[in-house]
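Written below as structure tokens is the structure these notes are about.
The values are calculated or read from the model by the stated rules, or taken from the named source; none is laboratory data. Fair warning: this is a prediction, and the values are worked out from it, not measured in the lab. Methodologically, a virtual Cβ is constructed for each residue, glycine included, from the backbone with ideal geometry; neighbour enumeration extends over all protein chains shown.
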Amino acid sequence: MGHRIEFERPDGGLCAAYHADAGESRAAIILLQEWWGLNGQIKAQADRYAQAGFHVLVPDLYHGRVAGDADEAKHLMDHLDFVGATDQDIAAAVDFLRARADRVGITGFCMGGALTVAAAVRLKVDAAVCFYGLPAPEWIDPAAIAVPFQGHFAERDTWITPAWVDTFVAAMQAAGRQPEIHRYEADHAFCNERRSEVYDADLASLALARTQEFFRRHLLA
């Protein structure tokens with residue numbers, strides 16, 4: 001089980017986070033929340049990665065608030081400063097882990113997936129894995145992703161649609177990148193076990209295994 005910590009942001013403020021320690025490992029992962037906030041489900045995800053041998057840090061991007069329903073989650077996400085979250089909270093998390101690990105990866109779900117892509121462009125991370133989330137193309141150019149990148153997307157996603165994913169991947173490939181993309185016959189948020197209406201245990205397990213193998217390859221090799 002992890003615990004709550006605080007560390008300093010580039011602007012001098014404080015960021016709180018959930019920290020799951022992996023002992024003597026020299027590899028670390030930043031895990032970014034869905035629009036719900038830093039809740040028990042995302043903490044459980046962090047614990048799984050720690051058990052697999054990665055230090056994990058989940059920055060609290062909502063600074064203590066956790067959504068109780070979809071309307072509140074949408075409100076919190078709509079009012080999040082995505083640039084500030086990337087350049088302050090997530091950047092501070094990278095710095096914190098850099099002092100404790102040789103390599104730092106980043107991953108996230110939905111909103112956290114979009115921020116994962118942003119961090120892969122704006123911050124110094126060593127690998128990135130995105131789950132069914134993409135930033136607005138006018139904010140982040142996919143062609144600028146230079147680190148090893150893996151993406152997990154749902155074919156029945158009506159938000160991060162297959163067509164949007166196609167455009168994103170094509171932009172990376174046109175720039176000479178070779179993203180590792182996995183598509184699933186599933187709905188958005190199929191990895192969230194608290195969303196019984198969309199959760200797919202088999203596909204979630206497969207996606208987790210692929211992610212852990214990817215991070216072992218790029219963070220532990």
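This table checks each residue for (1) among the aromatic types (Phe, Trp, Tyr); (2) buried (at least 21 other Cβ atoms within 10 Å of the Cβ); (3) modelled with pLDDT under 95; (4) out of contact with any strand residue (DSSP E or B) (no Cβ under 8 Å at 6 or more places or on another chain).
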residue	(1), (2), (3), (4)
Ala119	no, yes, no, no
Phe131	yes, yes, no, no
Pro148	no, yes, no, no
Thr167	no, no, no, yes
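Residues are listed down the side, and each one gets a yes or a no for (1) among the acidic types (Asp, Glu); (2) part of a helix (DSSP H, G or I); (3) farther than 27 Å from Leu38 by Cβ:
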residue: Gly112; (1), (2), (3): no, yes, no
residue: Ala118; (1), (2), (3): no, yes, no
residue: Ala128; (1), (2), (3): no, no, no
residue: Ala146; (1), (2), (3): no, no, yes
residue: Ala170; (1), (2), (3): no, yes, yes
residue: Leu206; (1), (2), (3): no, yes, no
Test result for Gln51, more than 23 Å from Ala221 (Cα to Cα) and polar (S, T, N, Q): no
Unmet criterion (only one of (1) hydrophobic (A, V, I, L, M, F, W, C); (2) more than 19 Å from the chain's Cα centre (by Cα); (3) within 24 Å of Glu197 (Cα to Cα)) for Ala46: (2)
Candidate set: the range 1-48, residues that are among the acidic types (Asp, Glu) and outside any loop (DSSP other than H, G, I, E, B); chosen: the one farthest from Val94 (Cα to Cα): Asp47
Residue that is modelled with the highest pLDDT [pool: residues in the range 57-78 that are under 19 Å from Cys191 (Cα atoms) and in contact with a Lys or Arg (Cβ under 9 Å, 6 or more places away or on another chain)]: Val58
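Condition check: more than 15 Å from the chain's Cα centre (by Cα), surrounded by 18 or more Cβ atoms within 10 Å (Cβ to Cβ) and under 19 Å from Thr116 (Cα atoms). Does Ala73 satisfy that?
Details: more than 15 Å from the chain's Cα centre (by Cα): yes; surrounded by 18 or more Cβ atoms within 10 Å (Cβ to Cβ): yes; under 19 Å from Thr116 (Cα atoms): yes.
The answer is yes for Ala73.
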